[in-house]
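The values are calculated or read from the model by the stated rules, or taken from the named source; none is laboratory data. Small disclaimer: the values here were computed from a predicted structure and weren't measured. Methodologically, a virtual Cβ is constructed for each residue, glycine included, from the backbone with ideal geometry; neighbour enumeration extends over all protein chains shown. Each accessible area value is taken on the protein alone, full model and side chains, heavy atoms only, with ligands, DNA and RNA left out. Shrake-Rupley method; radii C 1.70, N 1.55, O 1.52, S 1.80 Å.
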Amino acid sequence: MGTPLKLLMAEDNPADAELVLITLRQAGYKSDWRRVETEADFLGALQDDPDLVISDYSMPRFSALRALELIKARRPETPFIIVSGTIGEETAVEAMRLGATDYLLKDRLGRLGPAVAQAIDQARLRRERRQNEEALRNSEERLRIVTANARVGLVMVNRERRYTFANAAYAEILALPSPDIVGQRVADVLAPLYEQQIRPRLDRAFAGERVAYELSRPTPDGLHHYAVRYEPTKGGGEVSLVVVVITDITERKRAEESVQASEARYRTLFEYAPDGIVIADAESRYLDANASACRMFGYSRKEFIGLHASDIVVAAEVPHIAPALAGIKATSDYHREWQFRRKDGSTFSAEVMATKMPDGNLLGMIRDITARQLAEAALQQREADFRVLFASNPMAMWVYELDTLRFLAVNDAAVLHYGYTREEFLAMTIKDIRPAGDMPTLLRSMERRPQGVDVSGVWRHRQKTGKIILVHITSHPISFQDRPAELVLAQDVTAQHESERALKASEEHFRRLIENASDMITVIDEAGVVRFQGPSTQRLLGYVADEMVDRPAGEFIHPDDHDKVGESVRRALAGERKPIPVEFRIRHHDGSWRIFQSFGQRMAEVAGNAQIVVNSRDITEQKKLEEQFLHAQRMEAIGTLASGVAHDLNNILAPMLMVAGILKLRRNASPKDIELLSIIESSALRGAGIIRQLLSFSGSFSGERVTLQPKHLIHEMTKIMRETFPRNIAIVESVPSGLWTVEADATQLHQVILNLCVNARDAMPAGGTLTVEAGNVTVGEGAGTAAIDPAAKPGPYVLLQVKDTGTGIPPEIINRIFDPFFTTKGAAKGTGLGLSTVIGIIKGHGGYVRVYSEPGHGSAFHVYLPATEGTGSSRRSDTVPPLARGHKEQILVVDDEEFIREATRSFLDKQGYQVLLAATGEEAVKVFLEHQGTVRLVLTDIMMPGMDGLALIRALRVLAPTIPIIATSGLDQNQNAAEFSALGVRKMLAKPVTPTQLLQAVASSLAPPVPPQASP
């Protein structure tokens, strides 16, 4: 159910009107609406008394300003909001001055809901204020009439305190039995009141004092109030008579009490409102502030009063104060978020709503939105945490759609445990992993399960191999991709259930200890001696359980971990209710150290001895996976940095290389000048090579890929090594004749083999054997891919192996050897980029690297490259056209780097071409349109702000489908190669581009295409 809203819209675009209605529904309004486009329809719709008018600013037959004029003349209290896509700030301010309640832009309708709520609330307040004012005027009129016709009680009393005159109203007011009281004593007529109330006042009046007081008495229609005046009248020099006038002031009293009650209510609202409320004068100096505002800013009320708005906002907001004041004075309504400063200097964000009051002062409400912003940030963080937890959770997890039972998402653990690829999973339903015999039970459970409730239970599942496993399922209802779905956590409990069946005949005491057979169960007494060891000990540590019983547990624990294990045992023995966790190293039967995570808790005493039961789990592999994950994160972060640096450096080197080439072509260049320019050119090319090396290890540069035979590269490299490596190192080459080919960049593979061989050489300072081998391997699914890399894909690979008999790699650093800039060679002996370059190149080729090493026994690096399963070798060759000068062909050069543009223009000008320049994609389109008939070729950078090169190419293909285009990039020129080819890009040049490369590309692109030769 939404809030009812009778809405009149002046809008000529039905789609825009529908968008407004959708936004209002999202804001909680149920609109009874009517849309008009003309003044006549608008006037007719006003007869329905709408709650709100929303108008487009400009329409073909009507306008917002005319609508505003009409509504102000006929229904001035109806709120009026302008919604437009083109209104400027000055126009909006003028509309607000003319009486519009608010204005919004059509592309920012998110504020429409609050604006409507505020407009309707303000209209309600205006109506209530008008009604109150009218009521006050009516009350004043009634009071005047009552006063003019009031029956005023009037009597005269002489010095003997007897009545000498009394009107009927007096007797009626005092409810006297008879109005005939003249001559009677006051004390007799008003006996109950005389002594305490009347006599003292009469005495004062006869002493010459004018006395006034109020009298109240109950009547059948409620308590009545009267104003009583004693007017002394002198005769003969002394007061002889006192005129007593009694006026009924009941209505006035009631009005005063009502006003006081109203003021009390509004004061209570002011003081106890949860939002800060302030009252300021027209210059924004504060006159009052409620308790919430004082708490919000840290001032006392005394300190707050007198402050200026500039005293409580941050410096950046001060210039906005004057425009805000002008807006409030012009429109009486204001809404905006501000940054405020507390008394202690801390800052916070708040939403401000302000209005101008009838007395000219300003009323503002300040709502601290810090908590809301923190909640939004926390929600975003929770969503990010969920994504990380889902992806990296070691337990199998998936999301399936309730309506179709189709898998929507699966994590890596599910893929690994069930054996299906992620693509296979996403093409299946949850019925596909259930045995056929379980289908009826599954479908019945789906029908009977209550909606919105977590469900858990044990089910049979089928892995891809056909193996049936028992899985404990916990299912939680969620919304995924705007569809009702279930989030499922699956734990394989096959081993647990088998253990439970095997242990049912055991004693109850041991059944409770080892019902989770996947963990190692240990019972330790207060002296630290093992009293029981579960059967899983042999599987986890290689010991027969009895080998550890009656021996101190410390014998098996690493000496460095004794203290923390001892502390956890003491805490458990002390009776802490929660299990005490601890991680430690424990010696395996083979002498190696395994990492265990244990949870200990005190159990019931046995024969008066305190004992604790300890559940231990081998987390050695988990720790290794965590280290690999952290390593992968480091590599990804550094790779991203390298890509950004490489792009900027290539843009710096490009003009250097181009200018050097231009200067070398000058006729008056001396041999010495050419030599110096060649040094600059070589240095720039060397810098470009270093950049490509950085991009290689980051995986951001793949080079030019061709089908090649690795044995040729190996043969070339071993030949170089035999000629350059020390003679005490024996080089062994082993390559089979039927070695498969690979799709790779030859230069980069040279770099891989060279880096690995140089590292092997440095690991054998006293000599040894360096072996370079290659072979064909086919990697299967499951364990086969996991042995290479968790992300490896099954299929054919060429395995390159570089082995040495050197010093080996210490275990404590083996996980860091692929980190960029990590080296153990000492200063000036290594850059630390060798192995990081290797891993970057191989991953860029879709391959994987594994390292095996043992200190003192050498190392072996296994490089897996996806094979093409062919044994031939082919290289792509391009026929380079001759370097001919231009014939005034017009070329459009587009690059956001000014130096590159100018250097390119200078070079092409000297080669006989006419050059047009553009710094952005948008400018390039404009220049091309201006010279569309004369531009013969477009040379554009890819990485540009705003419209990048790819977007520019798409636009040019619409304008001129056949115009030749050359693209340049500081990053990998093979990225998006397929799309560039589809768009007809003639050439892709990697920055920095030499003059020769540029001239070849230009000449080739301008040359007419060679028609294909017919087959004989």
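For residues that are open to solvent by less than 20 Å² (accessible area, probe 1.4 Å) and part of a helix (DSSP H, G or I), tally how many sit in region 841-863.
2
Run Met397 past the list (1) open to solvent by 70 Å² or more (accessible area, probe 1.4 Å); (2) within 21 Å of Gly457 (Cα to Cα) and report the number of the one that doesn't hold.
Of (1) open to solvent by 70 Å² or more (accessible area, probe 1.4 Å); (2) within 21 Å of Gly457 (Cα to Cα), only one is false for Met397: (1).
Could you please give the count of residues in region 748-767 that are closer than 17 Å to His715 by Cβ and under 42 Å from the mean Cα position of the chain (by Cα)?
Quick first cut of region 748-767, residues closer than 17 Å to His715 by Cβ only: 749-754, 756-757.
Subsequent filtering for residues that are under 42 Å from the mean Cα position of the chain (by Cα) retains 749, 751-752.
Of the residues in region 748-767, 3 are closer than 17 Å to His715 by Cβ and under 42 Å from the mean Cα position of the chain (by Cα).
Only residues in region 349-372 that are without any contact (Cβ under 8 Å) to a residue 24 or more places away in the chain and open to solvent by 40 Å² or more (accessible area, probe 1.4 Å) count as the first member; pair them with residues that are of a type in the set (Gly, Ala, Ser) and in a strand (DSSP E or B), Cβ under 7 angstrom, at least 6 apart or cross-chain, and list the lot.
As it stands, the answer is Thr370/Ser349, since those pairs meet every condition given.
So for region 18-31 (the condition being among the acidic types (Asp, Glu) and either outside the structural domain of Arg111 (by the TED database) or within 34 Å of the chain's Cα centre (by Cα) (or both)), does at least one residue qualify? Break it down into steps so the answer makes sense when it comes.
Initial filter on region 18-31 (among the acidic types (Asp, Glu)): 18.
So of that shortlist, the ones also either outside the structural domain of Arg111 (by the TED database) or within 34 Å of the chain's Cα centre (by Cα) (or both) come out as 18.
Yes.
If Ser445 passes every condition in (1) part of a helix (DSSP H, G or I); (2) among the hydroxyl-bearing types (Ser, Thr, Tyr); (3) open to solvent by 60 Å² or more (accessible area, probe 1.4 Å) but one, which one does it miss?
(3)
May I ask you to list the residues in region 78-131 that are charged (D, E, K, R) and open to solvent by less than 50 Å² (accessible area, probe 1.4 Å)? Steps first, please.
Initially, region 78-131 is screened for residues charged (D, E, K, R), giving 89-90, 94, 97, 102, 106-108, 111, 121, 124, 126-130.
The answer is Asp102, Lys106.
Table: residues versus (1) in a loop (DSSP other than H, G, I, E, B); (2) touching a Ser or Thr at 6+ places or on another chain (Cβ under 8 Å); (3) closer than 20 Å to Asp48 by Cβ; (4) of a type outside the set (D, E, K, R).
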{"site": "Lys72", "(1), (2), (3), (4)": "no, no, yes, no"}
{"site": "Ile82", "(1), (2), (3), (4)": "no, yes, no, yes"}
{"site": "Glu94", "(1), (2), (3), (4)": "no, no, no, no"}
{"site": "Tyr103", "(1), (2), (3), (4)": "no, yes, no, yes"}
{"site": "Leu109", "(1), (2), (3), (4)": "no, yes, no, yes"}
{"site": "Arg127", "(1), (2), (3), (4)": "no, no, yes, no"}
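Among the residues of region 718-737, is any assigned to a strand (DSSP E or B) and in contact with a Pro (Cβ under 7 Å, 6 or more places away or on another chain)? Full working, then the answer.
Pass one, region 718-737, residues assigned to a strand (DSSP E or B): 729-734.
With in contact with a Pro (Cβ under 7 Å, 6 or more places away or on another chain) added as a condition, the list becomes none.
Scanning region 718-737 turns up no residue that is assigned to a strand (DSSP E or B) and in contact with a Pro (Cβ under 7 Å, 6 or more places away or on another chain).
Do we find a residue being closer than 20 Å to Ile900 by Cα, in a strand (DSSP E or B) and modelled with pLDDT of 90 or more anywhere in region 956-965?
Taking region 956-965 first, the residues closer than 20 Å to Ile900 by Cα are 965.
Those still in the list that are in a strand (DSSP E or B) too: 965.
Subsequent filtering for residues that are modelled with pLDDT of 90 or more retains 965.
Yes - at least one qualifying residue is present in region 956-965.
Tally up the residues in region 726-751 that are under 21 Å from Thr824 (Cβ atoms) and modelled with pLDDT under 90, please.
Here is the first cut: in region 726-751, the ones under 21 Å from Thr824 (Cβ atoms) are 726, 729, 751.
Filter once more, keeping what is modelled with pLDDT under 90: 751.
So the count comes out to 1.
Would you be able to say whether some residue in region 255-273 is at pLDDT 90 or above, assigned to a loop (DSSP other than H, G, I, E, B), surrounded by fewer than 16 Cβ atoms within 10 Å (Cβ to Cβ) and on the phi < 0 side of the Ramachandran plot?
The initial filter retains those residues of region 255-273 that are at pLDDT 90 or above, namely none.
No: region 255-273 contains no residue that is at pLDDT 90 or above, assigned to a loop (DSSP other than H, G, I, E, B), surrounded by fewer than 16 Cβ atoms within 10 Å (Cβ to Cβ) and on the phi < 0 side of the Ramachandran plot.
Among Met353, Met397, which is modelled with pLDDT of 90 or more and either assigned to a loop (DSSP other than H, G, I, E, B) or in the same structural domain as His472 (by the TED database) (or both)?
Of Met353, Met397, the one residue that is modelled with pLDDT of 90 or more and either assigned to a loop (DSSP other than H, G, I, E, B) or in the same structural domain as His472 (by the TED database) (or both) is Met397.
With respect to Ala67, determine if the residue is open to solvent by 10 Å² or more (accessible area, probe 1.4 Å), part of a helix (DSSP H, G or I) and assigned by the TED database to the domain that holds Gly28.
Numbers: open to solvent by 10 Å² or more (accessible area, probe 1.4 Å): no; part of a helix (DSSP H, G or I): yes; assigned by the TED database to the domain that holds Gly28: yes.
Criteria not met by Ala67.
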